[in-house]
Amino acid sequence: MAVGLIGKKLGMTQIFGENGNAIPITVVQAGPCVVVQKKTTEKDGYDSLQVGFDEVKKAKLVNKPRAGHFKKANVAPQAKLMEFRIDPDEQDDYEVGAEILVDLFEPGDFVDVSGVSIGKGFAGVMKRHGFHGTPAGHGTHESFRHGGSIGANMTPAHVLKGKKMAGQMGAKNVTVQSLKVVEVRGDMNLVMIEGAVPGPRNGYVVIKKAVKKP
Amino acid sequence: MNEIVDLIEKEHMRLDLPEVDIGDSVKVYSKIYEGDKERIQFFEGVVIRKRAGNTRAMFTVRKVSYGVGVEKSFPKHSPLIDRIEVLSKAKIRRAKLYYLRNLRGKAARLKEKRF
């Protein structure tokens, strides 16, 4: 398992490829991330790197327990903290306070990007699951956007688990797998990823090496 | 729009092409790749629509070919556009010239702008 990057989604745009095709890209400000803590099997029961991103400029925005944690590592307070599980021998490559930069990725690499999707609130079945609703005419009464029947009668005598119904939509962790890195810019800490990534603009995303690609 | 995204878009914009306006008669020379061969094809007509937005900008050219109306949309900053010739400009009173679709022959002419 390798370390990834925490980033901030800046927005989407379109650039042109070599043979003139338009490529939709998402621009992500990724890193520089700082190693805040190293967790080891002896001490914590597992091996990981705790990584911070997005330096907090105002000291009063960091509460005291957190501020102490950063002070212990001797790094500037970071807005976002995350852990990456890592092999113990790989862990030695990183020191506390070390920076992880965008050069982790190269153009042509495949990555998995996770983020918190845009929240849609409590949504009905038409919006949340793409149900068709009911016909708008022919005597339909007060059930235009309903999902219809939710099950049979005596058998099975209960609503099946996992039945698609209305409920909270969005604002949950989503990972999009195997997205291609189009461009990496070291001087501006930018990664340009082909396609869309979860979350709103200025939302935090995590970029890792793709699990399903070699 | 984010400033950095704006900056990246500006890098990919083509500033060597002439500005086309609505109502212009233009000749757009675009590169066509067939296998490994490249040739240049032109499309001549009237610009009836423009869409803004840095690298995402588009414009649509309309012509009547053998009595059939043909429209082609080009990404304004596409590297496939070889060059654009602006043949004439027209005096127009609308931002989108969709009404030309309903007109035929002499009625579909635009009044030329004189300088």
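For segment A:10-28, which positions are part of a strand (DSSP E or B) and at the interface with chain B (Cβ under 7 Å from one of its Cβ atoms)? Walk me through how you get there before you give the answer.
The initial filter retains those residues of segment A:10-28 that are part of a strand (DSSP E or B), namely A:10-16, A:22-28.
Once the filter is applied, which keeps residues that are part of a strand (DSSP E or B) and at the interface with chain B (Cβ under 7 Å from one of its Cβ atoms), segment A:10-28 yields A:Leu10, A:Gly11, A:Thr13, A:Gln14, A:Ile15, A:Phe16, A:Ala22, A:Val27.
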Point to revise | Boolean, B:Gly45 is over 30 Å from A:Lys9 (Cα atoms), away from chain A (no Cβ under 14 Å), surrounded by fewer than 16 Cβ atoms within 10 Å (Cβ to Cβ) and modelled with pLDDT of 90 or more | key: no
Practice item. State which residue is nearest to the chain's Cα centre (by Cα) when the search covers only segment B:65-85 and only residues that are β-branched (Val, Ile, Thr) and surrounded by fewer than 15 Cβ atoms within 10 Å (Cβ to Cβ). Key: B:Val70
Study note, to complete from the structure: Filtering segment B:17-34 for residues that are within 14 Å of chain A (Cβ to nearest Cβ) and open to solvent by 80 Å² or more (accessible area, probe 1.4 Å) leaves a count of 2
**Study point:** Near pairs, Cβ below 6 angstrom, 6+ apart or cross-chain, from segment A:41-54 (closer than 16 Å to A:Glu95 by Cβ) to any residue that is in a helix (DSSP H, G or I)
**Key:** A:Asp47/A:Thr41; A:Asp47/A:Pro88; A:Asp47/A:Gln91
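Hey, among B:Arg94, B:Arg62, B:Arg101, B:Arg56, which residue is closer than 19 Å to A:Asn19 by Cα and either surrounded by 15 or more Cβ atoms within 10 Å (Cβ to Cβ) or away from chain A (no Cβ under 14 Å) (or both)? Show your work before the answer.
Numbers: B:Arg94 fails: closer than 19 Å to A:Asn19 by Cα; B:Arg62 fails: closer than 19 Å to A:Asn19 by Cα; B:Arg101 fails: closer than 19 Å to A:Asn19 by Cα.
Among B:Arg94, B:Arg62, B:Arg101, B:Arg56, only B:Arg56 is closer than 19 Å to A:Asn19 by Cα and either surrounded by 15 or more Cβ atoms within 10 Å (Cβ to Cβ) or away from chain A (no Cβ under 14 Å) (or both).
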Point to revise | A:Gly151 vs. criteria without any contact (Cβ under 8 Å) to a residue 60 or more places away in the chain and open to solvent by less than 90 Å² (accessible area, probe 1.4 Å) | key: yes
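Quick check: anything in segment A:120-134 within 18 Å of the chain's Cα centre (by Cα), under 30 Å from A:Val3 (Cβ atoms) and not polar (S, T, N, Q)? Quick ask: steps written out before the conclusion?
Step one: filter segment A:120-134 for residues within 18 Å of the chain's Cα centre (by Cα), giving A:120.
Subsequent filtering for residues that are under 30 Å from A:Val3 (Cβ atoms) retains none.
No, the conditions are met nowhere in segment A:120-134.
Residues checked against (1) touching a Lys or Arg at 6+ places or on another chain (Cβ under 7 Å); (2) in the same structural domain as A:Glu106 (by TED's automatic domain parsing); (3) open to solvent by 40 Å² or more (accessible area, probe 1.4 Å):
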| residue | (1), (2), (3) |
| --- | --- |
| A:Ile6 | yes, yes, no |
| A:Gly11 | yes, yes, no |
| A:Gly17 | no, yes, no |
| A:Ile23 | no, yes, no |
| A:Tyr46 | yes, no, yes |
| A:Gly52 | yes, no, no |
| A:Glu55 | no, no, yes |
| A:Val62 | no, no, no |
| A:His69 | no, no, yes |
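Go through segment A:1-43 residue by residue and tally those that are among the charged types (D, E, K, R) and touching a strand residue (DSSP E or B) at 6+ places or on another chain (Cβ under 9 Å). Break it down into steps so the answer makes sense when it comes.
Step one: of segment A:1-43, the residues among the charged types (D, E, K, R) are A:8-9, A:18, A:38-39, A:42-43.
Adding the requirement that they be touching a strand residue (DSSP E or B) at 6+ places or on another chain (Cβ under 9 Å) leaves A:8-9, A:38-39.
Counting residues in segment A:1-43 that are among the charged types (D, E, K, R) and touching a strand residue (DSSP E or B) at 6+ places or on another chain (Cβ under 9 Å) gives 4.
One line per residue, one yes/no per condition, for (1) over 30 Å from A:Lys208 (Cα atoms); (2) small (Gly, Ala, Ser); (3) at pLDDT 95 or above; (4) open to solvent by less than 70 Å² (accessible area, probe 1.4 Å):
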residue	(1), (2), (3), (4)
A:His132	yes, no, no, no
A:Phe144	yes, no, no, no
A:Thr155	yes, no, no, no
A:Ala166	yes, yes, no, yes
A:Lys180	no, no, no, no
A:Asp187	no, no, no, no
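The values are calculated or read from the model by the stated rules, or taken from the named source; none is laboratory data. Since we're looking at a predicted model, the values are computed, not measured. Using ideal geometry, Cβ is built from the backbone for each residue, glycine included, and neighbour counts are taken over all protein chains shown. Surface accessibility is based on the protein's heavy atoms, side chains included, excluding ligands, DNA and RNA. Shrake-Rupley method; radii C 1.70, N 1.55, O 1.52, S 1.80 Å.
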